[in-house]
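The values are calculated or read from the model by the stated rules, or taken from the named source; none is laboratory data. What you see is a predicted model; the values in this text were computed from it and never measured. Positions of Cβ are generated from backbone atoms using ideal geometry, with glycine treated the same way; all protein chains shown enter the neighbour counts.
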Amino acid sequence: MKHLYSFIILFFCATYTVRAQSFELGTWNILHLKYKYNDRWSFFAEGQLRSLKFYNDFHYYEYKGGADFKLKPNLKFTLGAGSYQTYKEGGDFVLPKNNNEFRLWPQVVLSQSIGRIKIEQRYRAESRFTSNGYRNRFRYRLGLSYPFGKEREAYRPFQFSASNELFFTDKEPYFERNRVLLAFHYKVSKASTLQMGYLHQFDYRINDETGRDFFLIGWFFELFRTTTAPASLDTDIKDN
């Protein structure tokens, strides 16, 4: 545990950004549904709603879906698509919109375990069809998770996760965003997980979706093809 705490402290010290603006906590809300067809294939749907103040000034929502294919236990491929809508600041869903976007994104996730600690690397390439024209974007996320608590029916009820994600484009100045997430997960049952956390992002060249600090809450539901859940449950870092 001492090594885990040291790693977490160093991880966030390396990604901390000095903020010149006043602190304003927004909200980031997630509802995620996953259907596991078999050990290799699964399908998902997700909706998100965000606000720039604490459950006030709602400015963004998205809905998306896709399919996952697990080639190996530590290698997963995803193809997803969705709608991403951003409104102006100053109230709830202020018009005209900053951005009306359809997005298509393939993704690869690599994972490795060291004891209970799970380390993940996520690579995502986004084709963005926006109201301001077509854009490419590339994202890399490094994260870790640690399950704990008394084991219940092949799973532990609690999990801590931390991640840092970088956003790039193929046009100058190339770097767009750095997003850091610290989260706590409570697995209510084999089929549902509650996630709560703090998310901070630093934007260098984003001109649509905004916001720096968020209280994050999410419900994640997992359905199975049969009435009995598999012995090995999904412990991946949630795809926020």
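Between residues in the range 108-133 that are closer than 12 Å to Leu144 by Cα and part of a strand (DSSP E or B) and residues that are modelled with pLDDT of 95 or more and among the aromatic types (Phe, Trp, Tyr), which pairs lie under 6 Å by C-beta distance while being six or more apart or on different chains? Short answer, once both residue conditions are applied: Ile117/Tyr146. Taken over the range 138-166, residues that are among the aromatic types (Phe, Trp, Tyr) and either under 12 Å from the mean Cα position of the chain (by Cα) or closer than 12 Å to Arg122 by Cβ (or both) amount to 2. The residues on offer are Thr27, Thr17, and the sole one that is out of contact with any Asp or Glu (no Cβ under 8 Å at 6 or more places or on another chain), at pLDDT below 95 and hydroxyl-bearing (Ser, Thr, Tyr) is Thr17. Of Arg124, Arg156, all but one fail to be more than 22 Å from Asn178 (Cα to Cα) and of a type outside the set (S, T, N, Q); the exception is Arg156. Restricted to the range 65-78, and to residues there that are exposed (fewer than 13 other Cβ atoms within 10 Å of the Cβ) and not basic (Lys, Arg), the residue that is farthest from Leu110 (Cα to Cα) is Phe69. Candidates are the residues of the range 79-97 that are in a strand (DSSP E or B) and touching a residue at least 60 places away in the same chain (Cβ under 8 Å); the one that is surrounded by the fewest Cβ atoms within 10 Å (Cβ to Cβ) is Tyr84.
Pairing each residue of the range 137-151 that is within 19 Å of Ser111 (Cα to Cα) with any residue that is surrounded by fewer than 16 Cβ atoms within 10 Å (Cβ to Cβ) and of a type in the set (Lys, Arg), provided the two are 6+ apart or on different chains, yields C-beta distances under 8 Å for Tyr146/Arg116; Pro147/Arg116; Phe148/Arg116. Take Gly143 and decide whether it is more than 19 Å from His32 (Cα to Cα) and crowded, with 17+ Cβ neighbours inside 10 Å. For Gly143, the condition - more than 19 Å from His32 (Cα to Cα) and crowded, with 17+ Cβ neighbours inside 10 Å - is met. From the set of residues in the range 184-226 that are among the polar types (S, T, N, Q) and under 30 Å from Pro173 (Cα atoms), which is modelled with the lowest pLDDT? Of everything passing the filter in the range 184-226, Asn207 is modelled with the lowest pLDDT.
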